[in-house]
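Heads up: the structure comes next, in structure tokens.
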Amino acid sequence: MPEVLQAPLVVEFPFTRSLGPVQSAFLTGLREGVVLGVRTGDGRTLVPPVEYDPVTAEEISDLVEVAHTGTVTTWAWNHEPRRGQPLDTPFAWVLVRLDGADTALLHALDAPGPDAVRTGMRVRIRWAVERTGAITDIACFEPYDAEPGPPAGRQPGRHTGEFQNPLTGIVAPARLDYTYSPGRAQSAYIDALATQRTVGERCPSCRKVYVPPRGACPTCGVATSEQVEVGPRGTVTTFCIVNIKAKNLDIEVPYVYAHIALDGAGLALHARIGGIPYEEVRMGLRVEPVWTQGARYPDHYRPTGEPDADYDAYKELL
Amino acid sequence: MSKEPVAVVGIGQTKHVAARRDVSIAGLVREAARRALEDAELSWADVDAVVIGKAPDFFEGVMMPELYLADALGAVGKPMLRVHTAGSVGGSTALVAANLVAARVHGTVLTLAFEKQSESNAMWGLSLPVPFQQPLLAGAGGFFAPHVRAYMRRSGAPDTVGSLVAYKDRRNALKNPCAHLHEHDITLEKVQASPMLWDPIRYSETCPSSDGACAMVLTDRAGAARAPRPPAWMLGGAMRSEPTLFAGKDFVSPQAGKDCAADVYRQAGVADPRRDIDAVEMYVPFSWYEPMWLENLGFAEAGEGWKLTESGVTELDGDLPVNMSGGVLSANPIGASGMIRFAEAALQVRGQAGEHQLERARKVLGHAYGGGSQFFSMWLVGAAPPQS
Ligand SMILES: [Zn+2]
């Protein structure tokens, strides 16, 4: 049995976010070195702020400036910082209740080791050198041995939340990083493709041949294992003519994207048709694969020159 | 013990647009929820549970957004559920909420669905590159266009039918203030002259990408009795699913869609949908799906659906109006689109649809589907409460 394949898979995308009034004030504030909370109906100050009162569900927007100093309410030591985390040397994840706030903010504490961290310790913000309006404008927290007090030169209290050039949106990159395996059945299919053969698996119950095989029949719910070679020739069962260029595809438009039922297969696979003017492609056209050196899949399918297949022969395979 | 009858007493939508940069996702859902509560003349405290739906997390990249939206929807201290069935999710979400009322688990449930497509990337979310696999060779329309061609071959429909649907839906949208597209200068010639993107699908026959949310307040008999405006009564509701790809799958008229409709009709005592149902609001992301679904839902024999479209039966003043709101072709905040269909059906039987209100709307079907014809959800609502 061939080896089961696996490969790293990284998916990432920079998502945009509209902030709305409260988050806009909070993040613009960070850019200006001001930490804002929001006052709830029962008089608490939430930092970071939210748009809606967790108790009454009412819209809230009374902003309050809090201090740059605070108290650690709990913590966990991070022995091995990973990509994208606030510090690249071991640090403590901390919940910090800033002076003037009733809730705690999650961030990083720069400390020499876990022995230097304790619940109840006093800390202060270490600001990032370049600030853009993001939670990372707070580079991290650092130990700070002083009693609660107002931020230097500023009186804590109500704040309009108004700043010059307020931030209205941010970019939030998302990234997933994992190992992908197509499993036993698809690995065997890919292995056979290396010798330009298409091998599916037959369901022991309904006898349909699945290409590519999935190791199970989705309608009967039973495992499949009997290998069956299909094709190489097949029939175009339906198609469309693609006239707009996709960002990630290096194919000249127009081209034909077709469903092709390989001879012996229980369902159609999807591929490009070439070797024929696009306006001459039709349902029932008989085709065969065209391989290019070193490619895992056929580059495209081209007409075989046989007479077209009868509609009744492929109408269940559209 | 029989089920509790379920009534729709509040409906709220945002004005669907290309981009709502002025609000966060929380602000967007809040707007629809508030409008639904105002319609029902209820407050957050009157709601017993919240059921929310949206398309896959990857679209906006917010994992489990229901957690962060609890505050905005007044769900703190209450049960909150999230439903996830791809493009049909708005419909399934409403049905899960309705079942909570029908089973007498809760008296009044707020249900809501949303999508902020301007902050999302649906194409990316749906076509992540997978190692060893051949990349997809066509865009979103490229997935649907071959099925449309298969329908045309099977039914012998003339190739103008798709443009008739688009022309009708865009004109209906002009009467719906919530619709995203308001193409005041639309003509049939313009639709037919628009570029062919994925032949046989033209640009004007595709749906837009929208930001929007839709919310409904569902309640029991006692709640309906207190409602300030006429309720819509649920007469039947069902969901069905099938694999996206399997040997024998019929993309033109999927079995799960037929079974789902049959279940709804059985619950509602509908013997002949064409005779017993006054109008349909269905999920038509590409114009040709109107005749396809007319057949799938039993309003026409196989291969005959296009004749209803062509002869004007599905027009706003026709005998079986379809997509009075302008449909998905005129607004598509994906996760919300199914619920907008359900809400439009309810608006019609309540007589609250405004300029696009039908004269006769005693029983109206709301329909949603998604995931490459994998999930179906439908409900039939009526102006009168269910018999028995
Ligand atoms: Zn089987």
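Observations on the structure shown:
- Orientation-averaged projection of chain A equals 25.7 nm² [convex hull of Cα atoms, one quarter of hull surface area].
- Centroid-to-centroid separation of the stretch A:290-318 and the stretch B:112-157 [C-alpha atoms, Å]: 22 Å
- From helices alone, the protein assembly as shown scores -6500 deg cm²/dmol at 222 nm; the rule is -39500 (n - 2.57) for each run of n ≥ 4 DSSP H residues, then divide by the residue total.
- Distance between the stretch B:32-67 and the stretch A:201-215 - C-alpha centres, whole angstrom: 42 Å
- Probing with 1.4 Å while keeping every protein chain in the model, the per residue accessible area of the stretch B:231-358 equals 28 Å².
- Shape index of the stretch B:1-134: Rg/Rh, with Rg the Cα radius of gyration and Rh the Kirkwood radius from the inverse mean 1/r over Cα pairs, equals 1.02.
- Comparing B:LEU297, B:LEU110, B:LEU128 in a Gaussian network model of chain B, where Cα atoms under 10 Å apart are tied by springs, the biggest mean-square fluctuation is seen for B:LEU128.
- Ordered from longest to shortest, the equivalent ellipsoid semi-axes for the stretch A:58-210 are 52, 22, 15 Å, each the square root of 5 times a Cα gyration tensor eigenvalue.
- Within chain B, the selection of entire DSSP H helices by a Cα span of 15 Å or greater along the long axis and an average Kyte-Doolittle value of at least 0.0 returns B:25-40, B:89-102, B:334-350.
- Our Cα-only numbers for the stretch A:182-230 put the radius of gyration and Dmax at 10.0, 30 Å.
- Highest average first, the peptides A:121-132, A:102-113, B:30-41 ordered by how many other beta carbon atoms sit within 10 Å of their residues are B:30-41, A:102-113, A:121-132.
- Chain A - percent of accessible surface contributed by carbon and sulfur, probe 1.4 Å: 49 percent
- Given A:LYS245/B:LYS190; B:LYS15/B:LYS116; B:LYS54/B:LYS249; B:LYS15/B:LYS190, the pairs whose alpha carbons are separated by over 21 Å: A:LYS245/B:LYS190; B:LYS54/B:LYS249; B:LYS15/B:LYS190
- Convex hull per residue volume in Å³, alpha carbons only, for the stretch A:155-285: 255 Å³
- For chain B, the Kirkwood radius over C-alpha pairs fed into Stokes-Einstein at 20 °C and 1.002 mPa s yields D = 104 µm² per second.
- In this assembly, the A-B interface accounts for approximately 4600 Å² of buried accessible surface in total, computed with a 1.4 Å probe and without ligands, DNA or RNA.
- Relative contact order (%) - criterion: Cα under 8 Å, at least six apart; region: chain B: 26 percent
- Sorted largest first by accessible area at a 1.4 angstrom probe radius, with every protein chain in place, the residues A:CYS240, A:CYS220 fall in the order A:CYS220, A:CYS240.
- Restricting attention to chain B, close to 75% of DSSP beta bridges with both partner residues there are antiparallel.
- Those residues of the stretch B:188-214 for which accessible area with every protein chain present is at least 30 Å² below the isolated value (1.4 Å probe): B:LEU197, B:TRP198, B:ASP199
- Tensor-based shape of the stretch B:318-388 (alpha-carbon gyration tensor, a/c under 1.5 rounded, otherwise prolate or oblate): oblate
- Rg/Rg_ref, the stretch A:231-318, where Rg_ref = 2.2 N^0.38 Å and atoms are Cα: 1.05
- Among beta bridges that DSSP assigns inside chain A, antiparallel share in %, nearest 5: 95 percent
- Shielding by other protein chains, B:73-80, mean Cβ within 10 Å: 2
- Segment A:TYR311..A:HIS79, full-extension length gain: 77.0 nm, with 0.36 nm per residue of separation and the alpha-carbon distance subtracted.
- Global form of the protein assembly as shown, assessed from the alpha-carbon gyration tensor, a/c cut-off 1.5: oblate
- By accessible area, using a 1.4 Å probe on protein heavy atoms only, chain B has 54% of its surface on carbon and sulfur.
- For the residues B:VAL105, B:VAL364, B:VAL50, a GNM of chain B with alpha-carbon springs under 10 Å puts the largest fluctuation on B:VAL105.
- One decimal place: the segment A:ASP88-A:SER181 gains 30.4 nm when fully extended, by the rule 0.36 nm per residue minus the C-alpha distance.
- A:PHE13-B:HIS184 pseudo-label distance in nm [points 7 Å out on the Cα-to-Cβ vector]: 3.5 nm
- Antiparallel bridge percentage (DSSP; both residues within the stretch A:245-306; nearest 5): 90 percent
- Interface burial in the stretch B:41-65 reaches 20 Å² or more for B:TRP44, B:PHE58, B:GLU60, B:GLY61, comparing the full protein assembly with the chain by itself; accessible area from heavy atoms with a 1.4 Å probe.
- For the stretch A:11-174, the relative contact order works out to 30 percent when only alpha carbon pairs closer than 8 Å and six or more residues apart are counted.
The values are calculated or read from the model by the stated rules, or taken from the named source; none is laboratory data. All values derive from a computational prediction rather than experimental measurement. Note: ideal-geometry Cβ built from the backbone for every residue, glycine included; neighbour counts use all protein chains shown. Side chains included, ligands, DNA and RNA excluded: accessible areas come from the protein's heavy atoms. Shrake-Rupley method; radii C 1.70, N 1.55, O 1.52, S 1.80 Å.
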